[in-house]
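To start, the structure under review is shown below, and the notes come after it.
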Amino acid sequence: MTVSGEAAGPVPTVGALLERRALLDPDTPGLVAGSLRLSFGQLQAWAEAVESALAGAGVGKGDRVAVLSRNSAEGVALYYGAAHRGAILCNLNVRLSEDELAWILADGEPALLIAHADFAGQADRLAARAGIGQVWRFGEAPMPEPPDRPAAGKSGAAAGAVCGQTPVAATDPLLLVYTSGTTGRPKGAVMTHAGMVWTSATMAHTLDYRRRDIGLIPVPMFHVGGMSFVTFFVHMGAKAVLPPAWQPEAILALVAGERVNHFFAVAAMLKGLLDAPGFAEADLSSLRWIMAGGAPVPAELIRAFGQRGVPVVQTYGTTETGGPATVVDLAHAGAKAGSAGLPFFHTDLRIADEAGRALPADAVGEIQVRAPHLFAGYWRNPAATAESFAGGWYRTGDVGALDSEGYLWIGGRSRDVIISGGENIYPAEVEAVLEAHPAIAEAAVVGRPDETWGEVPAAVIVAVAGAAAPDAAGLARFCAGRLARYKIPQQVEVSESPLPRNAAGKLLRHELVARCVTPPPPAPGRR
């Protein structure tokens, strides 16, 4: 039933999620971050204060707000305040170099940059380069402090009325998440309010999540996966525990102390827990399961946690899917170890050939996804958006097959992406930097297997005639400040002949992989 042509009931926006949760459960614990503990009512009051501060700074619907910070309670309050205001939040990857961040800021054109104190100097420099007029710091005015208690008699509706603007719609942009580009430049994936609400819904309806659960969020909020959990726990009425960093021993203590029920991690994080002193004796009794993704999780790692009574379920997704695409159900966590699982509840999956035709079971092709939680497109890049969709299906560029039971098995990545510790590294962006070196004529980057990170980048280079080719240490010095540390090649092979290419001039990258599979001596501290 509708009234005056408008749908009845609350608008499915992210700001409305917290508003409704605070109405239903004002005194229920909602967020733990260090010594800070907030109820949903307190978190809503803080978000309202943030919204008012944004309005006072002239930030309105559709304006971008960039954030340079590790995970923090301030970042959560800002997310919900910006969502209710209708602003678009752009959480910046703190691991990127200043050159990389400056390009993103120039592309996104934020009205405001907010930074944690640890990144204050960098934020000032970036703002000057990108022409950003306003820079705030967490913990300092005008960024509001967390409230001691909910503001009496105040509601999100009242705050919106004070701020005054066109109401936020479900289809409005909410997040601008930059993902490394296949052509050397990052692309900003736009997530809408509806997309993030559907992301939350498909998670809730697929896995064993329960109201009043306690969930850990150790993955960065500058990835869409981190923000999907920040959204999800409010939607579910569950308590979110936000550690400032991934420190295995501290995480084990936090799991035991807070009685954490589940969390998401990448394989390298789980390996760190497994190798941490005290893992064998750690109290993991509250954990019902762990969801792992970012790259295939080794079966022996799944078995090791299974021996401690904690199932590890493999998941698969991308920035463009809002995080979720497939997941292994708990009942098959062991039997289907190595698989990426079945589609989430509100998610469709298919394997297609180059012509876009669906393939039968066991046939290898491109993994394609269709869901209401897909991204809305790439920021200011309609050509890339059009290329990524085929008849309503998102083309992941990843290669895989479905078995006879519908489980996905990932076979490779047609776009050559290197996944190192859960971070995507696209060879093209690294090659562009390497080829700017005055002594390098050609460069190709491939993934080299690594026991800790899954893969690390390795480079094959051709020197300019008459020039001495740089070694790995020299190349690392050149790349410092131009690339994030995890993107810098850890192995460099010099080719005396031109790199192999086909008749059309396309690089035959697969022919170079064999040259980089033998790990060089370890280089501590390179991450």
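Note on the range 100-131: among residues that are charged (D, E, K, R) and part of a helix (DSSP H, G or I), the one that is nearest to V433 (Cα to Cα) is E100. Regarding A476, is this residue out of contact with any strand residue (DSSP E or B) (no Cβ under 8 Å at 6 or more places or on another chain) and farther than 18 Å from R185 by Cβ? So A476 passes the test. The sole residue among S52, S35 that is surrounded by fewer than 24 Cβ atoms within 10 Å (Cβ to Cβ), touching a Pro at 6+ places or on another chain (Cβ under 9 Å) and of a type in the set (S, T, N, Q) is S52. Test of understanding: among T385, T396, which residue is free of Cβ contacts under 8 Å to residues at least 24 places away in the same chain, surrounded by 14 or more Cβ atoms within 10 Å (Cβ to Cβ) and of a type outside the set (F, W, Y)? Within the list T385, T396, the selection yields T385. The selection criterion, being of a type outside the set (S, T, Y), within 21 Å of N424 (Cβ to Cβ) and surrounded by 20 or more Cβ atoms within 10 Å (Cβ to Cβ), holds for G293. Report whether or not S200 is closer than 22 Å to L23 by Cβ, at pLDDT 95 or above and of a type in the set (G, A, S). Taking the combined requirement at face value, the residue satisfies it. If the condition is being surrounded by 21 or more Cβ atoms within 10 Å (Cβ to Cβ) and assigned to a helix (DSSP H, G or I), then the range 442-478 contributes only L475.
Note on the range 17-32: residues that are surrounded by 21 or more Cβ atoms within 10 Å (Cβ to Cβ) and outside any strand (DSSP E or B) amount to 5.
V266 fulfils the conditions (1) out of contact with any helix residue (DSSP H, G or I) (no Cβ under 7 Å at 6 or more places or on another chain); (2) modelled with pLDDT of 90 or more except for a single criterion, (2). When the test is whether a residue is free of Cβ contacts under 8 Å to residues at least 40 places away in the same chain, over 15 Å from G411 (Cβ atoms) and not in a helix (DSSP H, G or I), A363 does not pass it. Residues that are in a strand (DSSP E or B) and open to solvent by less than 30 Å² (accessible area, probe 1.4 Å) within the range 323-348 comprise T326, V327, G341, listed in sequence order.
Looking only at residues of the range 76-107 that are in contact with a Gly (Cβ under 6 Å, 6 or more places away or on another chain) and small (G, A, S), we find that the one that is surrounded by the fewest Cβ atoms within 10 Å (Cβ to Cβ) is S97. The single condition among (1) open to solvent by 10 Å² or more (accessible area, probe 1.4 Å); (2) outside any loop (DSSP other than H, G, I, E, B) that L287 does not meet is (2).
Going by what's in this entry, would F233 be described as of a type outside the set (V, I, T) and under 18 Å from the mean Cα position of the chain (by Cα)? It would help to see each step written out before you state the result.
On the way: of a type outside the set (V, I, T): yes; under 18 Å from the mean Cα position of the chain (by Cα): yes.
In short, yes.
The values are calculated or read from the model by the stated rules, or taken from the named source; none is laboratory data. Computed from a predicted model, the values in this text were never measured in an experiment. Every residue, glycine as well, gets a Cβ built from its backbone with ideal geometry; the counts of neighbours run over all protein chains shown. Quick note on the areas: whole protein, heavy atoms, side chains included, nothing else; ligands and nucleic acids left out. Shrake-Rupley method; radii C 1.70, N 1.55, O 1.52, S 1.80 Å.
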